[in-house]
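Okay, here's the structure, questions in a sec.
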């Protein structure tokens, strides 16, 4: 099967690309060719300015594809460009949306694909919803063969689950307190990118996926208190947690606040029945405790990766002093 990944070297797609090759797909990556991850062995690379239609069309020429996946479409204009470029020359178009598009906070748990899409707080999520609506309209009008995939918090060895990244671990290792939003008891799901890839690649060329939306997550539910403690153990230290209301965080840092109030501050657990029906052999097998060890091993392997952001550190000082006992 001939597949085109637009992007293909990000945190999530970097696991899906080799998985697709292992499954025997003829994979082409279309991107700028500047990622530090590079092109996986066995894939072909085409280079283009992805926001320039003429550049994309020049790169792909008259080729057709069984499936096209856009990993880096964030606005309806990005999707409309793909509609113009690929209509009539593909068997499936896969749009990478976000689980943050679901109703926030959700009226009931677990979240299913039937949960309403509504995020009044986070513009990123509202744009993803608008992209989905554009595709649904195209499907109704011209039978454009879309599939929507909604990842939640998916990570690889380079990604700590905190908004302030390694700065939080540095504080833990120095014995300094760290900010945990709310009371730390809201539930969250972290999914290793290799687990995500198992289900995702199974949707490519899958007739059950056309005109449908799926989320793909682990079935391990953790509180944020547990997540901080798991990372601390992997880092050989402990987490001295100071709980800070998300509203208070938003008041001093609107960007951090939007990511919390529009996503992480709410309990989000998912029912993965639908994707398991479409891909029966899918099972997430990497617990976050193992993933955290992998993350810390990556950071500790190279001192240049352990960068501390002074502004983030100052902000954590301010909030932990204000709300600490």
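None of the figures in this text is laboratory data; all of them are computed from the coordinates on show. Note that the structure is a prediction, hence the values are computed from the model and not measured. Ideal geometry is used to build each Cβ from the backbone, glycine not excepted, and the neighbour counts take in all protein chains shown.
Go from 0 up to the bin containing the longest alpha carbon distance in the stretch 232-296, width 10 Å each, and give me the % of pairs per bin.
16, 24, 38, 19, 3
Rank-order 169-175, 1-7 by packing density, defined as the average count of other C-beta atoms within 10 Å over each peptide's residues, highest first.
The peptides rank, most packed first, as 1-7, 169-175.
Also, quick follow-up: Computed FRET efficiency, Cβ-Cβ of residue 142 and residue 174, R0 45 Å: what is it to the nearest 0.05?
The pair residue 142/residue 174 has a calculated efficiency of 0.20.
Would you mind checking the tilt of helix 310-323 against the longest principal axis of the Cα atoms of the chain, expressed as 0 to 90 degrees and rounded to 10?
Taking the Cα atoms of the chain, the angle to 310-323 is about 50 degrees.
Taking square-rooted eigenvalues a ≥ b ≥ c of the alpha carbon gyration tensor, is the stretch 9-72 rounded, prolate or oblate, where a/c under 1.5 means rounded and, failing that, a/b exceeding b/c means prolate?
Cα axes put the stretch 9-72 in the oblate bin.
Set the Förster distance to 41 Å, then compute FRET efficiency between residue 23 and residue 237 from the Cβ-Cβ distance, nearest 0.05.
Efficiency at R0 = 41 Å is approximately 0.55.
As an exercise, use a Förster radius of 56 Å and the Cβ-Cβ distance of residue 321 and residue 72 to find the FRET efficiency, rounded to the nearest 0.05.
Rounded to the nearest 0.05, the efficiency is 0.90.
Enter the angle in degrees (range 0 to 90, nearest 10) between the Cα long axis of helix 76-86 and the first principal axis of the Cα atoms of the chain, meaning the one along which they spread out most.
For helix 76-86, the angle is close to 30 degrees.
I'd like to compare 67-76, 83-92, 304-313, 10-19: which one has the highest average count of other Cβ atoms within 10 Å, and what's the full order after that?
Taking the mean over residues of other Cβ atoms within 10 Å, the ranking is 10-19, 67-76, 83-92, 304-313.
Right, another one. Taking a cut-off of 20 Å, what percent of all Cα-Cα pairs in the stretch 81-170 are separated by more than that?
Beyond 20 Å sits 50 percent of the P(r) for the stretch 81-170.
What's the Cα-based Rg to Rh of the stretch 19-144, Rh via Kirkwood?
1.00
Which number comes out as Rg/Rh for the chain once both Rg and the Kirkwood Rh are worked out on C-alpha atoms?
We get a ratio of 0.98 for the chain.
Please state, to two decimals, what the Cα-based radius of gyration of the stretch 121-195 comes to when divided by 2.2 N^0.38 Å (N = residues).
For the stretch 121-195, the normalised Cα radius of gyration is 1.62.
OK, next. Considering the Cα trace of the stretch 44-85, what is its radius of gyration and what is Dmax, both in angstroms?
10.2, 28
Rounded to two decimal places and with Rh computed the Kirkwood way over Cα pairs, what is Rg over Rh for the stretch 204-325?
Rg/Rh: 1.05.
Based on the Kirkwood radius over alpha-carbon pairs, what is the Stokes-Einstein translational diffusion coefficient of the stretch 151-242 at 20 °C with 1.002 mPa s viscosity, in µm²/s?
Taking Rh from Cα pairs, D becomes 144 µm²/s.
Here's another thing I want to ask about it. Once every DSSP H run of n ≥ 4 in the chain is given -39500 (n - 2.57) and the sum is divided by its residues, what mean residue ellipticity at 222 nm do you get, rounded to the nearest 500 deg cm²/dmol?
-11500 deg cm²/dmol
Cα axis of helix 224-234 to longest principal axis of the chain: angle in degrees, 0 to 90, nearest 10?
80
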